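Read through the structure below, which is laid out as structure tokens, and then see the notes.
The values are calculated or read from the model by the stated rules, or taken from the named source; none is laboratory data. Every value quoted in this text rests on a predicted model; they were computed, and no experiment measured them. Neighbour counts are summed over all protein chains in view; Cβ atoms, including those assigned to glycine, are modelled from backbone coordinates with ideal geometry.
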Amino acid sequence: MVKFTDLVSVDDFRAGAMENWGMMTFDESSLLYAKGVITDEEKEGVAMTICHEVAHQWFGNLVTMDWWDDLWLNEGFAKYMEFRCIDDLYPDWNIMTQFYTKSVVRSHAEDGQPNPRPVSSHSLDIRSLFDVMSYQKGSAIIRMIESLMGEQEFVRSLIEYLNKYAYANTKGSQLWDIVEKVEKT
């Protein structure tokens, strides 16, 4: 991990935000908050974006998916951790109550469409993988794992996963192997 990270506001940054090690970049509307100028909902969006990009320091930078077909590992973890981060920082926001509608219901709606793509799938159009299935369904899967395992075992799994694959690439199957191993102990 890097010892120091800057959060930089970039005017009209079309990507919205980017989780580079050492310097995370954000569109100014995704980073800057001025009390009385933006709404509480916009403030929540700023906080969520920052937490999402910080989560990528572990899920995406420290441990990176092996290939784009497992993009859900990066984006699903980052999406789920943004909710967990906000819940820890601002418990009075009750953000986890929104997780169900923003991730689970949204991914179920996508799954209900004709021919939905699997959460892990190959595509020649990599940009098309940055969708509801990678972010919302991926985060719903992560939440499901935590619910089934319990928080302590889930955290143990994440620690083992991050330690074992630090500075390396991983596949979804390797995450499942660790989850199963921790669950058996």
Which residues, counting only those in the range 48-64, are farther than 13 Å from Tyr167 by Cα and among the hydrophobic types (A, V, I, L, M, F, W, C)? Met48, Ile50, Cys51, Val54, Ala55
Only unsatisfied item for Pro91, checking (1) of a type outside the set (Lys, Arg); (2) surrounded by 13 or more Cβ atoms within 10 Å (Cβ to Cβ); (3) more than 22 Å from Tyr161 (Cα to Cα), is (2)
Could you pull out every one of the strands (runs of 3 or more DSSP E) wholly within the range 1-105 that has 3 or more residues that are within 21 Å of Lys171 (Cα to Cα) and at pLDDT 95 or above? 63-65
So if I check each of Glu153, Glu183, which one is in a helix (DSSP H, G or I), of a type in the set (Asp, Glu) and closer than 30 Å to Val2 by Cα? Glu153
Top-ranked residue in the range 39-85 [being surrounded by 20 or more Cβ atoms within 10 Å (Cβ to Cβ) and among the acidic types (Asp, Glu); ranked as farthest from Gly22 (Cα to Cα)]: Asp70
Top-ranked residue in the range 57-80 [being aliphatic (A, V, I, L, M) and in contact with a strand residue (DSSP E or B) (Cβ under 7 Å, 6 or more places away or on another chain); ranked as farthest from Val119 (Cα to Cα)]: Val63
